[in-house]
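Remarks on the structure that follows.
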Amino acid sequence: MPAAAGPGLQKASDAARKTVPVRAAPDQAPPVAPAAVPADAPAADLPDAASHGVDVSAAAKSEDITPDTNHGADVSAVARDNAGADAVAAHKPVTAGKPADVGKPDGA
């Protein structure tokens, strides 16, 4: 166990009135798995809806370039940009719409 875990484990042991952790810690930590995508891999070609999330994330992580406005409001504006609305409209069935009546569908 790391030395930093000592105070927390002691507090947990006192509260539980038994030794914590219950299981023995392994002598050696398991190896860390390699990253799924290498850091030097080229950027993926994302569809519009996926790149929208990337855009929102980039806006949230960037410095506030407009100090006279609220950074959270600026990020919210990017998030509400409706980047996926065109894709949804393109794939929406022609027959989509409100149901004619309420209740279970026929045969359900």
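Since every read-out is calculated from the coordinates, none of them should be taken as a lab result. Because the structure is predicted, anything quoted here is derived from the model rather than measured. Cβ coordinates were reconstructed from backbone atoms using ideal geometry, including for glycine residues, and neighbour counts include every protein chain displayed.
Go through 52-62, 10-20 and give me the packing order, highest mean Cβ count within 10 Å leading.
Working: 52-62: 13.7, 10-20: 10.7.
Those peptides, ordered most packed to least, come out 52-62, 10-20.
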What is the extension gain from D14 to A108, computed as 0.36 nm multiplied by their sequence separation minus the C-alpha to C-alpha distance, in nm to one decimal? 28.2 nm
